[in-house]
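A quick write-up on the structure given underneath.
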Amino acid sequence: MTRPATVFAALTLALAAGCAQMMPEAGAPREGFVTALARALPFAVGVYGVARAEPAAEGGAQAEAERGETVLPYARVGAGFMIDAAGHLVTAAHVVTDTDEVLVKLADQRVLRASVVGADAELDVALLRIASPGPVAPPLGRSSHLRPGHWVLSVGEPYGLNRSVAAGIVGGTDRHFSDDPELLYLQTDIALNPGNSGGPLVDARGEIVGMNMRTVVGAYGTPGVSLSLPIEVVLAIAEELRAGGIARPRLGAEFDDVSPQLALASGRGTTQGAVVTTVRRASLAERMGLRPDDVIVAMNDRPIGSSADLARSLLGWRQPAGTKLVIWRGASVLTLKLD
């Protein structure tokens, strides 16, 4: 007969072996994320959009000058990161818009002036360049490898705190919001604050997989949903800015996921598609004949299962002529074509 202590030991070993098999391959190492950060931190920068004076504070600046105090230019603080070894870096467009000059603080504490190669205010991405190329290319990863539950890190300048790091997990991918019709986001629970905008989102391997943008705070909730642009989207926009502008046409419509209530009310019984919420005047959407409450289920023969699918199609959209949309309007299926 097996002794109880021996049975207990055997069960303990079996349980430990089972738990080891269930452990994910990539998790938080015992020493934290020091090794991962060592790869990405050299390419993270602070970005300062400098104006001669903040309009709302001009009176205060004048009073300081009259008292003989040093008056420093107003600076909008953000973050950014290098995307190549030639001195190009990206940040959030709102950090550098309407400023007199842009300063970049590197990892070695040097401060350099940066030129704005281009900025897209609607997509909130700006491409900068500094006269200090990096010795090696930054570790750019792929956001498509991320899954809910993966660890991610942010690096930025929240409230001016130099190169501040925060950790969290991915809460979702392919997030779309109706007021950002042509963008997709990664959702995390990282605490993003003013000064984090434009900084890198880093995975557990130390690869840059996104650009941190903002935190969503609901009317009845607390911060817990933060949004970052996937690195693939950031690099595509940066390349267009480098080429002299955004070549992508704009549909001129806002859209959202089909709610369960709308699915039942329309008689379709499915949330498949993207429901149009707003059509701008004189837009391509208006020319095509789109109307609010239309549900788009295909674009150029590509099925649209959600608003994220439509946003992804629009990100790759280049030729408006001949564009076809298949929509549900009430109980009817229509095909709209842009001539």
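The values are calculated or read from the model by the stated rules, or taken from the named source; none is laboratory data. Because the structure is a prediction, the values reported are computed rather than measured. When we count neighbours, we look across all protein chains shown, and the Cβ atoms used for this are built from the backbone with ideal geometry, even at glycine. SASA here: full protein model, heavy atoms, side chains in, ligands and nucleic acids out. Shrake-Rupley method; radii C 1.70, N 1.55, O 1.52, S 1.80 Å.
Percent of alpha carbon pairs in the stretch 64-205 separated by more than 23 Å? Before the final figure, lay out each step's value.
Working: 4087 of 10011 pairs.
Percent of Cα pairs beyond 23 Å in the stretch 64-205: 41.
If you wrap a convex hull around the Cα atoms of the stretch 234-339, how much volume per residue is inside, in Å³?
On the way: hull volume 10.5 nm³, N = 106.
Hull volume over Cα atoms, normalised by residue count, gives 99 Å³.
With every protein chain kept in the model, how would you rank 182, 286 by accessible area, 1.4 Å probe, largest at the top? The partial results should precede the final answer.
Values: 182 10, 286 95 Å².
In descending accessible area the options line up as 286, 182.
Please list, in chain and number order, the residues 5+ apart from residue 225 or on another chain whose amide H is under 5 Å from its amide H, with Hs placed from the backbone.
Long-range HN contacts for residue 225: 216.
Could you give the nm distance between label points at residue 131 and residue 31, where each point is 7 Å from its Cα heading toward the beta carbon?
3.9
Using 1/(1 + (r/R0)^6) with R0 = 41 angstrom and r between the beta carbons of residue 329 and residue 169, what's the FRET efficiency to the nearest 0.05? Before the final figure, lay out each step's value.
Numbers: r = 40 Å, r/R0 = 0.99.
So, using R0 = 41 Å, E works out to roughly 0.50.
If each residue of separation counts as 0.36 nm, what is the full-extension length gain between residue 280 and residue 101 once their alpha-carbon separation is subtracted?
Details: separation 179, 0.36 × 179 = 64.44 nm, distance 3.40 nm.
Extra length from residue 280 to residue 101 when fully extended: 61.0 nm.
Show the residues, 5+ positions off or on another chain, whose built amide H is closer than 5 Å to the amide H of residue 125.
93, 120
With a 1.4 Å probe and all protein chains kept in place, how do 217, 50 rank by accessible area, largest first?
Details: 217 90, 50 15 Å².
The residues order as 217, 50, largest area first.
At 1.002 mPa s and 20 °C, plugging the Kirkwood radius over alpha-carbon pairs of the stretch 229-273 into Stokes-Einstein gives what diffusion coefficient in µm²/s?
Values: Rh = 13.5 Å.
Translational diffusion coefficient: 158 µm²/s.
What does the extension gain come out to for residue 250 and residue 147, with contour length at 0.36 nm per residue minus their alpha carbon separation? Don't skip to the answer; put the middle values down first.
On the way: separation 103, 0.36 × 103 = 37.08 nm, distance 2.96 nm.
Stretched fully, the residue 250-residue 147 segment lengthens by 34.1 nm.
So, in nm, how far is label residue 85 from label residue 291 when the simple model puts each one 7 Å beyond its Cα toward the Cβ?
The answer from the label model is 5.8 nm.
Please work out how much length the chain gains when fully extended from residue 265 to residue 177, using 0.36 nm per residue of separation minus the C-alpha to C-alpha distance, in nm with one decimal. Before the final figure, lay out the partial values.
Details: separation 88, 0.36 × 88 = 31.68 nm, distance 2.22 nm.
Net length gain for the segment: 29.5 nm.
Report the residues of the stretch 95-136 in range of a label on residue 52: point 7 Å along Cα→C-beta, backbone N strictly under 12 Å from it.
100-101
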